[in-house]
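Please read the structure below before turning to the comments.
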Amino acid sequence: METQDSSLGEPIAWFLDHLKVERGISEHTVAAYRNDLSLAAKFFEEQGVTSWNRLNDGAVSKFESSLGHRYSISTA
């Protein structure tokens, strides 16, 4: 995973491992999370965000806007 070497990548790697090992999530679902989180991490790093704890509503809104219509809200 490209973001693994970044400060944002380590928590992503931990989360994906947790999904796979502890929760038994399918590899396809893990891959989808990996792709989405890597995209988000890359965007936030380009915005100067160095830690997930430093995210704010404005940064998240900018990210959502950058996605355009590629993603839609899922229902549970």
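Lys and Arg at +1, Asp and Glu at -1: add these up for the other residues within a Cβ distance under 12 Å of Val49 and post the number.
Numbers: positive: Lys42, Arg54, Lys62; negative: Glu45, Glu46.
So the environment of Val49 carries a net charge of +1.
Hey, any idea what % of segment 4-65's accessible area is carbon plus sulfur with a 1.4 Å probe? Please list the in-between numbers first.
Details: 2050 of 4280 Å².
Taking all protein chains in place, segment 4-65 shows 48 percent carbon and sulfur surface.
The values are calculated or read from the model by the stated rules, or taken from the named source; none is laboratory data. If you're wondering where the values come from, they're calculated on a predicted model, not measured in any experiment. All Cβ positions, glycine included, derive from the backbone under ideal geometry; neighbour counts span all protein chains shown. For accessibility, only protein heavy atoms count, side chains too; no ligands or nucleic acids. Shrake-Rupley method; radii C 1.70, N 1.55, O 1.52, S 1.80 Å.
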